[in-house]
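Scroll down for the structure; my scribbles are underneath it.
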Amino acid sequence: MKLRYLATVVLLALTTVAAHAQVGLYFNPVAIVASNSVADNGPYAFLGQNSTSQVFYGYNLGGYWDFYHSGKVGAGFDMRYSDLHANNALLRDFLTGVRVSATPFARPFKPYAEITVGPGTTKAPLSTIHITKLDYAVFAGVDYALAHHVDFRVFEVGYGSLATASTSTVAASGPSIPASRLLNFSSGLVFRF
């Protein structure tokens, strides 16, 4: 008897969580400022020869699933793919992580924060060699509800790090280049279901 009661309570709790679950899909333009403290002057310099920073432009495509809600706080996970280019260099990453959102104000503003990790791939401007390393990033932003199923992503800012292609990683020569710092800026639309 007690097992049936426990199974019923668990089933009802899961149904309540599923009823409040929210899925969002986005396809947004993004700009990333990639910088490094050491300039690479070799043929495989990701940021350009003797350069310590470069601005990459492209898009990110992703989605989130907020499966937990308690009061004005939601939690779930986010998955995103970014494709960016600058100066014939390439930067791609596929990040997954946890997401926390809140509605502390009267609708329509909803701030959120995410911690993500995944593989990041880079290619230097004068090379055909792709280097894939571990990438991480933290993001924070605010969505504004435009309609029942559409949000405007007012802004999203992120900070991450990725060991990029360099003369030391590809040719094993030259100075050791540390991981590049990645500062992300994005805005656009989010479609909620």
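Structural remarks
- Segment 1-30, subset among the polar types (S, T, N, Q) and surrounded by 12 or more Cβ atoms within 10 Å (Cβ to Cβ), residue modelled with the lowest pLDDT: Q22
- V33 being modelled with pLDDT of 90 or more, in a strand (DSSP E or B), under 30 Å from S173 (Cα atoms) and touching a Pro at 6+ places or on another chain (Cβ under 9 Å): no
- Residue in segment 77-84 that is among the hydrophobic types (A, V, I, L, M, F, W, C), closer than 15 Å to Y26 by Cα, surrounded by fewer than 18 Cβ atoms within 10 Å (Cβ to Cβ) and modelled with pLDDT of 95 or more present: yes
- Look at (1) under 17 Å from S180 (Cβ atoms); (2) touching a helix residue (DSSP H, G or I) at 6+ places or on another chain (Cβ under 8 Å); (3) of a type in the set (S, T, Y); (4) part of a strand (DSSP E or B) and you find that Y68 fails only one, number (1).
- For the condition crowded, with 17+ Cβ neighbours inside 10 Å, within 24 Å of S166 (Cα to Cα) and of a type in the set (K, R), K123 qualifies.
- Matching option when the condition is hydrophobic (A, V, I, L, M, F, W, C) and exposed (fewer than 14 other Cβ atoms within 10 Å of the Cβ), among F67, F105, F109, F94: F105
- Qualifying residue in segment 41-64 (condition: touching a strand residue (DSSP E or B) at 6+ places or on another chain (Cβ under 7 Å), hydroxyl-bearing (S, T, Y), within 14 Å of F139 (Cα to Cα) and at pLDDT 95 or above): yes
- Neighbours by Cβ (under 6 Å, 6+ apart or cross-chain): first from segment 39-54, without any contact (Cβ under 8 Å) to a residue 60 or more places away in the chain and part of a loop (DSSP other than H, G, I, E, B); second surrounded by 15 or more Cβ atoms within 10 Å (Cβ to Cβ) and hydrophobic (A, V, I, L, M, F, W, C): N50/A39
- Those residues of segment 55-76 which are of a type in the set (G, A, S), free of Cβ contacts under 8 Å to residues at least 40 places away in the same chain and closer than 13 Å to F27 by Cα, in sequence order: G58, G62
The values are calculated or read from the model by the stated rules, or taken from the named source; none is laboratory data. This one's a predicted model, so the numbers in the text were calculated from it and none came from an experiment. Glycine gets a Cβ as well: all are built from the backbone with ideal geometry, and neighbour counts include every protein chain shown.
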